[in-house]
1. Report, in listed order, any pair from K377/K431; K113/K190; K329/K431 with a Cα-Cα distance greater than 20 Å.
2. Give the Kirkwood hydrodynamic radius (Å, one decimal) of the stretch 320-457, defined as one over the mean of 1/r across all pairs of different Cα atoms.
3. Using a 10 Å cut-off on Cβ atoms, rank the peptides 428-441, 214-227 from the highest mean neighbour count down.
4. In the stretch 2-98, if every C-alpha pair distance is counted and binned at 5 Å from zero, what percent goes to each bin?
5. How much net charge surrounds L107 when only other residues with a Cβ under 11 Å from its Cβ are counted (Lys, Arg +1; Asp, Glu -1)?
6. Taking the C-alpha atoms of the stretch 111-311, how large are the radius of gyration and the largest Cα-Cα span, Dmax, in Å?
7. Relative contact order for the chain using alpha-carbon pairs under 8 Å, separation at least 6, rounded to a whole percent?
8. Enumerate the residues in the stretch 415-458 having an amide nitrogen under 18 Å from the point lying 7 Å beyond the Cα of W399 toward its Cβ.
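What follows draws every value from the coordinates through simple rules; no lab data is involved. Model, not experiment: these values are computed from the prediction. A quick note on method: Cβ atoms are made from the backbone with ideal geometry, for glycine too, and the neighbour counts reach across all protein chains shown.
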Amino acid sequence: MFLDRIIKNNQYIHLIGIGGVSMSGIASILLDRGFKVSGSDICKNPLIINLENKGCKIKIEHNSKNIDNNIGIVVHTAAVGYENNEIKEAIKRKIPVINRSEFLGELTKKYNKCITISGTHGKTTTTSIFSYVMMYNNLDPTILIGGELDLIGGNFKIGKSDYLLMEACEYKKSFLNFSTDIGVILNIDKDHLDCYEDLDDIKDAFCEYAKNIPYDGWLIYCASDKLIGDILDEAKCKKVSYGIGCGDVNAINISKTRDSICFDVLYKEKIYDGFRINVIGNHNLLNALSAITFSLILDFDLINVKKALLDFSLPKRRFEMKGERDGIKIIEDYAHHPTEIKALIDMTKSLTNGKIYCFFQPHTYSRTLTLLDEFSKSFDGVEEVILFDIYAAREKNIWNITFKDLKDKIISTGQKCHYAKSFDDAVDYMKCKGERGDIFLVVGAGNICELSDKFVNV
């Protein structure tokens, strides 16, 4: 493995885009394991400052001068392509260059028990629930999450055990690089059609993910997802399912309040009672069931599991209550796919008899284009959609799609929709709208989180 070679030769691992959520977590894990780490990014942020305080060498620019022969390998994010000056210089010097997911795949081999959470929706929330369950059972895992979790004080935790817990994203089939001992498939849905041909192509990728789990490993999957059912025969590992009214681990005797779900679990003809999780929505109940299934197959102390679920709180930007303004609740959520938006709105309906205003920032041009019809039909139950420009993220707009294409589609369904050219414009537009008891939903995976603070502080 190249990691052994790098540490033997006393070389640096250089991370391009080191200030990102995932890359900064990787850098911290590497530093803890004794590796020398350098990196670069386009601007300084708190994650970079924290890494610098740990001894990491970081340059705030992408420059070929950042690359020298003391570097053993260069790792880059998906947002950085081979036109990058540092990558060009590394290739010129014959320094190996790999992407983040390939590097993570090598890192997973350093752990004897790697748990990866896959699925089109719910990975960050479910990985967070697993974090609670594992830590409350004293497993001391190393954790990598695609969001901020108060329990671990951020997006990663460095553990001292052989356990590694991380998300397994299907984008560009990155999860096929990981050495998974226990894998979870939450759901399979149409997304990332910039790198997949169609839904069958996506299913094939999840099938490969399941096949990669070794014979003595486990696949935990949602029993009610028919698309997962289509790929199970290919997996040769041990398999166990969960569900609501179905599955090997079956949620029964379910009761719901405005802010929690209580339920019992039926497994192998035995009832385990008294579970409660202080979140709402059937999708979150399913997420919790996946963690309970994990606990049952590893024979955890269920008293600790119940305490973990009771104490669980969602990661930031997942149905996060940001505050109130004149009796109007401001809720922020990372939803950026039609299925997620529908679940979010259904969840929000249970909290109010008032109106729901949805402030939505589409995420990536390709997703907006390929799911245009689905997006337009995902806002049922909302008083009005306030729409922003598409957040480019890693993309260039080679499709010439704009907010107007989505706005016209939304209006064609009979839904009211207003375009806001900026977050300040949205605040001004809403000054004469909204009443006590209404909810403002701030939705998207880009920088729309800035709008929540504007609403709260206006």
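1. Working: K377/K431 27 Å; K113/K190 30 Å; K329/K431 14 Å.
Correct reply: K377/K431; K113/K190.
2. Working: mean 1/r = 0.0674 Å⁻¹.
By the Kirkwood definition, the hydrodynamic radius is 14.8 Å.
3. Details: 428-441: 15.9, 214-227: 18.7.
Ranking the peptides 428-441, 214-227 by packing returns 214-227, 428-441.
4. The distribution over the stretch 2-98 is 3, 14, 29, 26, 19, 8, 1, given as percents.
5. Working: positive: R33, R100, K109, K110; negative: E102, E106.
Charge balance near L107 sits at +2.
6. Cα-based Rg and Dmax for the stretch 111-311 come out at 15.9, 45 Å.
7. This gives 11 percent for the chain.
8. 444-446
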